[in-house]
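The values are calculated or read from the model by the stated rules, or taken from the named source; none is laboratory data. Since this is a predicted model, take the numbers as computed values, not measurements. Every residue, glycine among them, receives a Cβ derived from its backbone with ideal geometry; neighbour counts consider all protein chains shown.
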Amino acid sequence: MDQQALKELLYKMADDQLIMGHRNSEWTGFGPLLEEDIAFSSMAQDKIGHSLAMYNMLQELGEQDPDTVAFTRNANQFHNCQLTELPNGEYDFSLIRHFLFDTAEAIRFEMLTQSSYEPLAQVAAKIRGELRYHTMHAQTWIKQLGSATEESISRLQKSLEYALPFSLGIFERSPFEDKLIADRIFEGEAALEKKWKAKVEELIGQTQLRLPSWESLTPVVGGREGKHTEHLQPLLDEMSEVFKIDPTAEW
Amino acid sequence: MYGGGNTFEGIKPDALAGEDPIKLAEFEAKIDRGEKIEPTDWMPQLYRKQLIRMIEQHGHSEIIGALPEGTWITRAPGFKRKMSLMAKVQDEVGHAQLLYSAAETLGKSREQMIDDLINGKSKYSNIFNYPTFTWADCCFISWLVDAGAIVNQLANAKGSYGPYCRALDRICAEESFHLKYGHHCVIYLAAGTLKQRQMFQEALNRWWPPMMHFFGPSDKISVHTEVLMKWKVKMGSNDDMRNQFLDMYVPKIKELGFTIPDPKLKKNTDTGRWEYTEPDWEEFKRVINGDGPCNKERLEVRRIAEERGKWVREALRAPKAQYVTPLA
Amino acid sequence: MTLFTSMNSLDPRVNRLPIDKVANSSPKAALDQFGTFEVFVQAKEGKPFQHEGIVHAPNIEMAYVLAKETFTRRFTCISIYVTDTRSVHVSAMTEGTNNAYENINDSGASEPKTSYEIYHLLKRGKQHIHVGSVTAGSPDEAMWRAKASLAGEKQVFNIWAIRTDDIRFTTTEDKDLWLTLPEKKFRDASDYKGGDKLKAFLESVNK
């Protein structure tokens with residue numbers, strides 16, 4: 001098994017989940033309805049939990065401990081896709097991003113239940129219920145708001161068009177695709193992207209939202225190799241503000 | 001998170017004048033027997049009014065209480081703290097959800113309650129109008145403000161109104177996590193570096209006066225609430241609650257080597273009561289009436305949250321539907 | 001209310017709020033917070049469903065989604081269900097030693113028959129608990145039939161009847177939703193044992 005390929009996969013998944021969870025936690029206390037505030041916070045917590053599980057695996061593979069990895073790296077050392085680091089904007093964007101990201105996440109982990117890397121397959125099997133909730137939540141909201149009022153439809157439409165090129169960045173190919181596939185660690189980003197597109201088409205098709213043709217979109221890539229928007233470094237600075245008062249201290 | 005203090009206004013001597021004496025006697029007998037009052041039961045207007053006021057204020061205190069700790073939600077140090085603080089602030093929102101629901105069974109809609117919070121008509125616990133300057137302030141709240149709230153809530157959970165008791169049973173179970181989490185954070189600061197210890201000592205210095213305010217004005221200057229005590233709406237005097245809190249937590253704070261910023265604070269072994277510098281009740285009144293360090297921000301943040309969420313709710317609202325009061 | 005031009009808050013999240021883009025507030029419209037749905041939770045296999053509270057939601061599907069995290073994000077849960085508050089038929093509440101079933105009389109049978117779920121309140125201040133189901137042509141008939149088949153020995157203070165078809169149940173596939181619930185220890189007091197750290201600290205101070 002190619003360790004470097006495996007680590008690269010784990011890092012990008014972990015970084016996605018950490019940054020997504022962090023962003024979504026910014027809504028806690030500010031949500032549109034008390035019940036939704038609670039639900040959105042739970043999913044943010046789940047995401048942080050998932051990233052911790054990935055960083056723990058990385059530690060087993062010889063990387064540094066999760067706190068050091070998460071709280072001391074700079075933006076150019078992060079491998080999350082740029083979709084996750086974008087500011088929350090209004091709830092329409094946060095919901096659309098959640099929908100696009102978690103649709104991919106659920107398929108990715110379903111595929112990973114077959115991974116030849118046993119610890120990853122185990123985690124994937126375990127968190128399927130959480131991801132089921134995340135997609136159920138996202139789909140219920142998108143279906144309902146995507147067919148409700150003129151305002152809700154146009155807001156979601158605008159956010160969808162903005163988010164889609166970034167969401168294609170989720171599937172930015174790694175230099176290790178062939179190795180991961182050959183070692184049966186992961187079926188690869190191309191296979192995931194194909195399934196994701198079909199699912200997104202199916203779900204958006206159930207709403208009054210319009211999906212632009214995939215060919216018309218230019219994927220925003222670079223995140224997987226450490227290229228980020230201007231939003232990531234401030235996010236990391238904020239996240240590690242207390243931690244960096246004394247990184248050797250126990251908090 | 002909630003203290004007792006600001007809940008009750010004076011009761012007019014004729015407050016029960018219009019009530020049917022037979023029904024009133026049956027109502028009081030039921031409370032005396034230890035049976036809870038349920039939403040469809042007959043109840044005196046004063047009981048309904050005071051309960052709505054108390055439960056609503058409690059709910060407001062939770063949703064506003066999410067803000068000072070929420071100040072640190074994106075900055076919690078390390079995975080463990082990050083997840084815990086997210087879950088803790090989430091619980092405060094959840095408590096507001098439970099409490100507003102309980103108040104709703106008495107006939108005030110959630111819409112009205114949120115409106116009254118935002119327009120300043122309803123009050124909430126004063127302590128959340130103070131700022132959290134550092135991570136240690138956040139830890140102070142998680143541990144000691146929640147500890148104070150538990151003293152109050154455990155007492156209130158023995159009150160007479162069924163839906164409020166059910167909400168409080170659930171809330172108290174969750175608060176045990178808050179308390180342990182908060183104490184855990186403070187132990188780590190205490191056992192940590194000089195800088196960490198300083199951070200908490202400074203937080204303690206800042207938060208002690210509002211903490212003493214938390215349980216409300218001293219009994220000497222409080223309004224008379226005998227009938228509310230009899231009806232098990234108010235479950236203990238402000239001074240009793242404060243005394244109970246000091247009994248439980250002064251030793252724990254001292255154990256960690258921190259100095260409580262009140263040279264007069266000591267337990268009178270003869271009376272079993274704590275003695276302390278009289279809290280500044282003028283400041284308490286000023287802050288309640290809107291002139292605290294963060295009142296404006298807290299309400300403005302809530303207002304903005306409601307406004308930003310409006311299109312979401314409006315899209316799915318069914319304006320012609322018939323509203324019915326929830327059951328329990 | 002004065003609008004802030006800049007919040008200058010200690011909370012970076014607050015400083016990012018789009019203050020200048022938020023309109024002045026007007027009082028909330030009716031049902032801005034939606035209607036309510038009653039939430040029932042099954043804690044363990046073999047245990048009855050118990051009423052836990054309400055959620056505000058625009059419809060039953062959303063109520064189900066929102067109820068899950070509002071009421072089952074800690075402790076144990078294997079299943080939940082929700083129903084519109086308007087779908088719950090409620091008996092008169094009794095007190096003292098009066099049994100709620102004493103007030104339930106034969107109101108006559110009607111057709112077509114359908115299934116109803118029946119709930120009892122056994123103690124004031126506690127929750128309504130599911131006790132079984134009956135087949136009846138109306139809610140009143142359902143309570144009458146429950147009196148015959150479900151009343152039991154214990155005193156009942158209040159009875160609820162809900163048409164089974166009015167309930168959004170957890171499907172078999174949804175059972176996975178609570179798969180990791182027992183592992184969410186970070187939401188439990190038991191995960192915050194500071195005793196050893198405290199002891200070590202006290203020993204170091206006393207040296």
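Being touching a helix residue (DSSP H, G or I) at 6+ places or on another chain (Cβ under 8 Å) and part of a helix (DSSP H, G or I) is the filter here; which residues of region C:19-63 pass it?
Answer for region C:19-63, where residues must be touching a helix residue (DSSP H, G or I) at 6+ places or on another chain (Cβ under 8 Å) and part of a helix (DSSP H, G or I): C:Ile19, C:Glu61, C:Met62.
For every residue, the table says whether it meets (1) part of a helix (DSSP H, G or I); (2) surrounded by fewer than 20 Cβ atoms within 10 Å (Cβ to Cβ).
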residue	(1), (2)
B:Gln112	yes, yes
B:Tyr124	no, no
B:Ser142	yes, no
B:Ala147	yes, no
B:Lys158	no, yes
B:Tyr164	yes, no
B:Ile171	yes, no
B:Cys185	yes, no
B:Leu189	yes, no
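Name the residue that is surrounded by the most Cβ atoms within 10 Å (Cβ to Cβ), counting only residues in region B:270-325 that are among the polar types (S, T, N, Q) and farther than 30 Å from B:Ile260 by Cα.
The residue in question is B:Thr325.
Which numbered condition trips up C:Asp174, out of (1) surrounded by 12 or more Cβ atoms within 10 Å (Cβ to Cβ); (2) more than 8 Å from chain A (Cβ to nearest Cβ)?
Of everything listed in (1) surrounded by 12 or more Cβ atoms within 10 Å (Cβ to Cβ); (2) more than 8 Å from chain A (Cβ to nearest Cβ), C:Asp174 misses just condition (2).
Output the helices (runs of 4 or more DSSP H) that fall wholly within region A:1-109 and possess 2 or more residues being of a type in the set (Gly, Ala, Ser), or say none.
Passing ranges, in order: A:3-25, A:34-60.
Can you tell me how many residues in region A:160-177 are under 16 Å from A:Arg108 (Cα atoms), among the small types (Gly, Ala, Ser) and in a helix (DSSP H, G or I)?
The total comes to 2.
Need the failing condition index for B:Gln244 against (1) farther than 30 Å from B:Tyr100 by Cβ; (2) modelled with pLDDT of 95 or more; (3) more than 11 Å from every other protein chain (Cβ to nearest Cβ), just the number.
(1)
Say we look at region B:28-68 and pick out the residues that are at the interface with chain C (Cβ under 10 Å from one of its Cβ atoms) and assigned to a helix (DSSP H, G or I); which of these is farthest from the chain's Cα centre (by Cα)?
B:Ala29
Note down all Cβ pairs under 7 Å where the first residue falls in region B:107-126 and is on the phi > 0 side of the Ramachandran plot, the second is hydroxyl-bearing (Ser, Thr, Tyr), and they're at least six residues apart or on different chains.
B:Gly107/B:Thr325
Take region C:177-193 and flag every residue that is more than 7 Å from chain A (Cβ to nearest Cβ), in contact (Cβ under 8 Å) with a residue 60 or more places away in the chain, assigned to a helix (DSSP H, G or I) and within 19 Å of A:Arg132 (Cβ to Cβ).
C:Leu181, C:Pro182
Could you grab me the full set of residues in region B:274-319 that are outside any helix (DSSP H, G or I) and touching a Leu at 6+ places or on another chain (Cβ under 9 Å)?
Passing the criteria: B:Trp274, B:Glu275, B:Tyr276, B:Thr277, B:Gly290, B:Cys294, B:Arg317, B:Ala318, B:Pro319.
Looking at region A:238-250, I want the residues that are closer than 14 Å to A:Pro66 by Cα and have a partner that is among the small types (Gly, Ala, Ser) with Cβ atoms under 7 Å, at least 6 apart or on another chain. Which pairs are those?
A:Phe243/B:Gly78; A:Glu250/B:Gly192
Keeping to region B:76-90, report how many residues are charged (D, E, K, R) and facing chain C (nearest Cβ under 8 Å).
Qualifying residue count, region B:76-90: 1.
Going by what's in this entry, would C:Arg86 be described as within 9 Å of chain B (Cβ to nearest Cβ), at pLDDT 95 or above and either surrounded by fewer than 17 Cβ atoms within 10 Å (Cβ to Cβ) or over 16 Å from the mean Cα position of the chain (by Cα) (or both)?
yes
Is region A:42-61 home to any residue that is of a type in the set (S, T, N, Q), at the interface with chain B (Cβ under 9 Å from one of its Cβ atoms), buried (at least 19 other Cβ atoms within 10 Å of the Cβ) and within 26 Å of B:Gln97 (Cα to Cα)?
There is at least one residue in region A:42-61 that is of a type in the set (S, T, N, Q), at the interface with chain B (Cβ under 9 Å from one of its Cβ atoms), buried (at least 19 other Cβ atoms within 10 Å of the Cβ) and within 26 Å of B:Gln97 (Cα to Cα).
With respect to B:Gln90, is the statement that it is touching a Ser or Thr at 6+ places or on another chain (Cβ under 6 Å) and either at pLDDT 95 or above or assigned to a helix (DSSP H, G or I) (or both) true?
yes
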